[in-house]
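**Student:** Supplied in C-alpha cells, the structure appears directly below.
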Amino acid sequence: QVQLAESGGGLVQAGGSLRLSCVASGRIFSINAMGWYRQAPGKQRELVAEVTSGGSTNYADSVKGRFTISRDNAKNTVYLQMNSLKPEDTAVYYCNGRIQAIMTFHEYDYWGQGTQVTVSS
C-alpha cells in the first residue's frame, strides 16, 4: 500500500503565508510527478502546482509568482510554499503522487486526505 499524508493547512489572514507538506510512504518503487490540487466549495478540483521527478514545475496561472512547489526526493516529500494568500485561495488542498508501487508494473495516482486552507479577508 501507498499513503500520502498532508500537513500544514490552517487559517491565515489575506497577505499571509502557509507551507504545506506531503509525505509519501509505503511500498514505493518509484515516484514520478507530485503535485497539489485544491477544491473550493461548489467547484471542481483543480491543479495548483506540480513537479516532476526531474524538477520541472508547472503552476496554475492564478498562483504563479505567489506559490512555490518543491520536493525532496530522498524524503519522498513535496512542499507547497504559499505566499501573498488571497481569500480566493480558500479550499481543501490535496496532495497527489504518480507512483509505482513495489511488485507492480504501472504508475497510479495516489491522493492524500486533504488539508483545509482558509484565508480571511
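The values are calculated or read from the model by the stated rules, or taken from the named source; none is laboratory data. Values in this document were obtained by computation on a predicted structure and should not be read as measured data. Neighbour counts run over all protein chains shown; Cβ positions are idealised from the backbone, glycine included. SASA here: full protein model, heavy atoms, side chains in, ligands and nucleic acids out. Shrake-Rupley method; radii C 1.70, N 1.55, O 1.52, S 1.80 Å.
**Student:** Please verify whether TYR94 is open to solvent by less than 50 Å² (accessible area, probe 1.4 Å), modelled with pLDDT of 95 or more and not in a helix (DSSP H, G or I), treating the condition exactly as stated. It would help to see each step written out before you state the result.
**Tutor:** Working: open to solvent by less than 50 Å² (accessible area, probe 1.4 Å): yes; modelled with pLDDT of 95 or more: yes; not in a helix (DSSP H, G or I): yes.
In short, yes.
**Student:** So which residues in the range 43-62 are exposed (fewer than 13 other Cβ atoms within 10 Å of the Cβ) and modelled with pLDDT under 95?
**Tutor:** Selection gives GLY54, GLY55.
**Student:** Here's another thing I want to ask about it. Hey, can you tell me all the residues within the range 2-18 that are in a strand (DSSP E or B) and among the aliphatic types (A, V, I, L, M)?
**Tutor:** Across the range 2-18, the qualifying residues are VAL2, LEU4, ALA5, LEU11, VAL12, LEU18.
**Student:** Can you pull out every residue in the range 8-34 that is of a type in the set (Gly, Ala, Ser), surrounded by fewer than 16 Cβ atoms within 10 Å (Cβ to Cβ) and modelled with pLDDT of 95 or more? Full working, then the answer.
**Tutor:** Taking the range 8-34 first, the residues of a type in the set (Gly, Ala, Ser) are 8-10, 14-17, 21, 24-26, 30, 33.
In the following step, the residues that additionally are surrounded by fewer than 16 Cβ atoms within 10 Å (Cβ to Cβ) were identified as 10, 14-17, 25-26, 30.
Across the range 8-34, the qualifying residues are GLY10, ALA14, GLY15, GLY16, SER17, SER25, GLY26.
**Student:** To continue, here is another question. Being without any contact (Cβ under 8 Å) to a residue 60 or more places away in the chain, touching a strand residue (DSSP E or B) at 6+ places or on another chain (Cβ under 6 Å), within 23 Å of GLN3 (Cα to Cα) and in a strand (DSSP E or B) narrows it down to one of ALA24, ALA49, so name that one. Show your work before the answer.
**Tutor:** Details: ALA24 fails: without any contact (Cβ under 8 Å) to a residue 60 or more places away in the chain.
None of the other options fit; the residue is ALA49.
**Student:** What's the number of the only condition in (1) touching a residue at least 60 places away in the same chain (Cβ under 8 Å); (2) acidic (Asp, Glu); (3) outside any strand (DSSP E or B) that GLU88 fails to meet?
**Tutor:** GLU88 satisfies every listed condition except (1).
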